[in-house]
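Read-outs throughout are calculated quantities, based only on the coordinates presented, and are distinct from any laboratory measurement. What you see is a predicted model; the values in this text were computed from it and never measured. Here the Cβ positions follow ideal geometry from the backbone for every residue, glycine too, while neighbour counts run over all protein chains shown.
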Amino acid sequence: VDESNIAQVTINPKPNGIIAGEGICAGTTTARITFTASAGSGPFSLVINGTNYNNVNSAAAFNIVAPLVTTVYNLTKITDINGCTNP
């Protein structure tokens, strides 16, 4: 076998992680959510409740527009710097 015809392929994991929110006072215009990655390479792009958040680093809080009432936020898509997505 001619070793010049050998290729190495790296398999990147699907990104994964969780979000957590902080409590805010009524009338506040921004709220903070923290994304903590358990797989993948950042920075990440996230889709939370249909809104895209780009250049998010793991374990770093980022601002969102504060809701008027208590709101549940659902993380529905994660894309990492390698272009890997979950789901």
Distance-filtered residues of the stretch 27-70 - backbone nitrogen under 17 Å, label point 7 angstrom along LYS77 Cα→Cβ:
44-56
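Given R₀ = 35 Å, FRET efficiency for THR51-VAL9 by Cβ-Cβ distance, to 0.05? Display every interim value, and only then the final one.
On the way: r = 34 Å, r/R0 = 0.98.
After rounding, the FRET efficiency stands at 0.55.
Return the equivalent ellipsoid semi-axes of the stretch 9-53 as a descending list in whole Å, where each equals the square root of 5 times an eigenvalue of the C-alpha gyration tensor. If you can, show how the numbers build up before the last one.
On the way: eigenvalues 164, 23, 10 Å².
Rounded to whole Å, the semi-axes are 29, 11, 7.
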In terms of modelled amide H atoms, which long-range or inter-chain residues lie less than 5 Å from the amide H of ALA39?
ASN16
Sorted largest first, the Cα spans of the chain on the principal axes come out in Å as 70, 20, 17
